[in-house]
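Asker: One structure follows; several queries about it will come next.
The values are calculated or read from the model by the stated rules, or taken from the named source; none is laboratory data. What you see is a predicted model; the values in this text were computed from it and never measured. Ideal geometry is used to build each Cβ from the backbone, glycine not excepted, and the neighbour counts take in all protein chains shown. Areas reflect the complete protein model, heavy atoms only, side chains present, ligands, DNA and RNA absent. Shrake-Rupley method; radii C 1.70, N 1.55, O 1.52, S 1.80 Å.
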Amino acid sequence: MQFTKMQGTGNDYLYIDCFREKIADPSALAVRLSDRHFGVGSDGIILIEPSKIADCKMDMYNADGSRGKMCGNGIRCVGKYVYERGIAQKEILSVETLSGVKTLKLEARDGGVRSVEVNMGQPVLEASRIPVRFPKECVIDEPVSVGGNPCRITCVSMGNPHCVVFVDDTESLKLPEIGPQFENHPMFPDRVNTEFVQVIGAGELKMRVWERGSGETLACGTGACAGAVAAALNRLSGRRVKIHLRGGDLSIRWEGGTDDVFLKGPAEFVFDGNVKI
């Protein structure tokens, strides 16, 4: 089987062209290939498949084999892949996901894609739709206890569930310890991605992320969007922000007219490979 490793701000996945390849058990394959010691090493795998309603379909699986609905960094790489590998050479691209069809705007030059902006759609704030078990309709700056420690959370879905916590210093966090406590907290029936966000300025945030099924990753596109929305809801920033992640920077804008969130950032090829399955 042929695959391509790509990364968007350090969020790395193995991409498989399912216009040509057939994968019988993608969940098991994700577990096998994602292992950074005994496999290829990645945050998961993403299948690029034919679609009846879009230019292509993105089907993603996390490193633990669980299926993901959406990945902002992953979908930017899908855009670069399908353009540069000749599947759909369009600067406005539609991609089917489990969170609906997403529209990508590609900045292309000399046959290559420099950056990709994704319309991530509107954020979901209703607790039951995120989902999060909470007595209020929205969870914005609400006090809770996680692992016996008090904190304040804001919950947002960007196609998958996110819990945003604002902190004074992201670097001092013991994420391997506290990340799983959030991910597996009983208030989150589908588990949750958790973003720890430090406010640098009105248009600038710093973030670390713990992703369900993958642990700490260098970046998370939907998480960056959730962090930007949460910062705006808590009046800690405006609706246009740059977010610094361990893997690089992402630009987020939350449009007031449509309420759609737009994510812009890089996408890069790492290498092509072959593996027996």
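Asker: Could you give the length gained by full extension between residue 190 and residue 272, i.e. 0.36 nm per residue of separation minus their alpha carbon distance, to one decimal place?
Answerer: Extra length available between residue 190 and residue 272 comes to 26.2 nm.
Asker: Could you go through region 132-142 in sequence order and give the Karplus-derived ³J(HN,Hα) for each residue, using 6.51 cos²θ - 1.76 cosθ + 1.60 with θ = phi - 60°, rounded to whole Hz, and x for Gly and Pro?
Answerer: 9, 7, 8, x, 9, 5, 10, 10, 10, 6, 9
Asker: What full-extension length gain, to one decimal in nm, is calculated for residue 92 and residue 133 as 0.36 nm per residue of separation minus the Cα-Cα distance?
Answerer: Taking 0.36 nm per residue and subtracting the Cα distance, the gain is 11.0 nm.
Asker: Give a residue-ordered list of calculated ³J(HN,Hα) values for region 45-59 (Karplus: 6.51 cos²θ - 1.76 cosθ + 1.60, θ = phi - 60°; whole Hz; x for Gly, Pro).
Answerer: Karplus-based 3J(HN,Hα) across region 45-59 equals 10, 10, 8, 9, 10, x, 9, 8, 10, 8, 5, 6, 10, 10, 10 Hz.
Asker: Further question on the same structure: So how far apart, in nm, are the two label points at residue 32 and residue 172 if each is 7 Å from Cα heading toward Cβ?
Answerer: Between residue 32 and residue 172, the simple spin-label model gives 4.6 nm.
Asker: Taking only Cα atoms and a 10 Å spring cutoff, compute GNM fluctuations for the chain and point out the largest among 44, 86, 227.
Answerer: Per the Cα network of the chain with a 10 Å cutoff, 86 tops the list.
Asker: Counting only heavy atoms of the protein chains, get the accessible area per residue of region 1-42 (1.4 Å probe) and round it to a whole Å² value. Please report the intermediate quantities before stating the final value.
Answerer: Numbers: 1970 Å² over 42 residues.
The answer is 47 Å² per residue.
Asker: In addition: Send over the Kirkwood Rh of region 207-277, from the inverse of the averaged 1/r over different Cα pairs, rounded to one decimal Å.
Answerer: 13.7 Å
Asker: In the Gaussian network model of the chain, springs joining C-alpha atoms below 10 Å, which of 112, 68, 213 carries the largest mean-square fluctuation?
Answerer: 112
Asker: Another one. With every protein chain left in place, what is the accessible area per residue of region 211-277 in square angstrom, probe 1.4 Å?
Answerer: 44 Å²
Asker: Any of 102/174; 105/206; 5/52; 22/105; 105/276; 69/206 with alpha carbons more than 31 Å apart? Name them for me.
Answerer: On the way: 102/174 34 Å; 105/206 25 Å; 5/52 26 Å; 22/105 28 Å; 105/276 35 Å; 69/206 25 Å.
Correct reply: 102/174; 105/276.
Asker: While we're looking at this one, here's another question. With every protein chain left in place, what is the accessible area per residue of region 124-208 in square angstrom, probe 1.4 Å? The partial results should precede the final answer.
Answerer: Details: 3870 Å² over 85 residues.
About 45 Å² of surface per residue is accessible.
Asker: Given the options 165, 144, 101, which has the most mean-square fluctuation in a GNM of the chain, springs set between C-alpha atoms less than 10 angstrom apart?
Answerer: The residue with the greatest mean-square fluctuation here is 144.
Asker: In cubic angstrom, how much convex hull volume per residue do the alpha carbon atoms of region 53-188 span?
Answerer: Spread over its residues, the Cα hull of region 53-188 gives 143 Å³ apiece.
Asker: Can I ask one more? For the pair residue 200/residue 85, report the inter-label distance in nm, with labels modelled 7 Å from Cα in the Cβ direction.
Answerer: 3.3 nm
Asker: Expressed as a whole percentage, what fraction of the accessible surface of the chain belongs to carbon and sulfur atoms when a 1.4 Å probe is rolled over the protein heavy atoms? Present the calculation step by step, with values, prior to reporting the outcome.
Answerer: Details: 5570 of 11890 Å².
After summing per-atom areas, the C and S share lands at 47 percent.
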